[in-house]
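Participant: A single structure is presented below for examination.
The values are calculated or read from the model by the stated rules, or taken from the named source; none is laboratory data. Small disclaimer: the values here were computed from a predicted structure and weren't measured. Here Cβ is always computed from backbone atoms with ideal geometry, including for glycine, and neighbour counts include all displayed protein chains.
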Amino acid sequence: MMSRQTLRPFLAEFLGTALLIVIGDGVVAQCLLSDYQYGTWLSINLAWASAVCLSGYLSDPSPTINPAVTICIALVRPSVGQWKSMPIKLLAQFLGGFVGAAIVYVNYRSAINAWDPEYTIPGGSILSPRGHHSAGIFSTYPAEFFTSNWEAVFSEVLGSAVLMFGSLSISDPRNASRFPAPHLSVFLLLLMIGAALGWQTGYALNPARDFGPRLFSAFIYGPEVFTAAKNYFLVPLLSPILGCIIGATTYDAMLFEGDGSRIADALDKAEGHGSLQLIDD
């Protein structure tokens, strides 16, 4: 039997991700189903950022609630036991996304049925006479004007890179005095990304945020949630991982001065061995 102390980090990942989806998908539902009478793009950005901020208080250290961040940290800044605990941690995150989406659906089921009785999917085969697509409440879909999903890949990679770069800056020990409230700083970071980079793809930035709810929505809308928009589900599932690795590599290669980074340690080793050094007389 595993103790509560042992389970707590995984429970924090599960509950944190579920909270993220209840608030994040919930605000999208409120905006869409009310035809933006009770919400705006700003309220969507504020709610998502607030949910990420609040989840950070669920445990110490804070849960990542993001498989892309979890994988990136294990690759770039490895520590003892990371890979061993990763399967359970990732499962907790994806399961949290699934459960969070189920809660949102139960809460808004009647409103969804009234607003989109056809239960349509953006880019799907069933068309809504009113142009409504309620499947977009649960997971992200690309803007209609994209000519290729590669444009969405770029947008998601860019947003995820900024997320990881900013998060490492906030958590850098050298910046502790400048970021006395790191969770508030993360709130501002997410608000910034949503306001500047979120419109075209819904800024998933998080495989669990998209795949968990998408998997739940498949029970309601059918398997086309995976095949719609040329199998778009792969974009928010994989692009955040690449983006986070790019953001972490950039920060550690250029700015990080601490210990424990494979990137920084490799560069320090290269500079100390075999590089051309100029010595002043």
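Participant: Residue by residue through region 156-183, note down the ones that are among the small types (Gly, Ala, Ser) and either modelled with pLDDT under 95 or surrounded by 20 or more Cβ atoms within 10 Å (Cβ to Cβ) (or both).
Facilitator: 159, 160, 161, 167, 171, 176, 177, 181
Participant: Mind telling me which of the residues 137, 112 ends up being touching a Pro at 6+ places or on another chain (Cβ under 9 Å) and more than 30 Å from residue 248 (Cβ to Cβ)?
Facilitator: 137
Participant: Among all residue pairs at least 6 apart or on different chains, which show Cβ distances below 9 Å where the first residue, located in region 257-281, is on the phi > 0 side of the Ramachandran plot and the second is assigned to a loop (DSSP other than H, G, I, E, B) and modelled with pLDDT of 50 or more?
Facilitator: 260/77; 260/78; 260/79
Participant: Search region 1-56 for residues being among the acidic types (Asp, Glu) and surrounded by 18 or more Cβ atoms within 10 Å (Cβ to Cβ), and hand back the single one that is farthest from residue 95 (Cα to Cα).
Facilitator: Selected residue: 25.
Participant: Next question. Filter region 22-45 for residues that are of a type in the set (A, V, I, L, M) and out of contact with any Phe, Trp or Tyr (no Cβ under 9 Å at 6 or more places or on another chain) and give the result.
Facilitator: 22, 42, 44
Participant: Sort out which residues of region 106-131 are surrounded by 14 or more Cβ atoms within 10 Å (Cβ to Cβ) and either over 25 Å from residue 36 (Cα atoms) or under 25 Å from the mean Cα position of the chain (by Cα) (or both), and write them in order of number.
Facilitator: 107, 108, 112, 120, 121, 122, 123, 124
Participant: Take the residues in region 206-251 that are crowded, with 24+ Cβ neighbours inside 10 Å and among the hydroxyl-bearing types (Ser, Thr, Tyr), then tell me which one is nearest to residue 100 (Cα to Cα).
Facilitator: That would be 217.
Participant: Would you point out which residue out of 80, 69 is at pLDDT 95 or above and of a type in the set (A, V, I, L, M)? Before the answer, list the steps.
Facilitator: Values: 80 fails: at pLDDT 95 or above.
Of 80, 69, the one residue that is at pLDDT 95 or above and of a type in the set (A, V, I, L, M) is 69.
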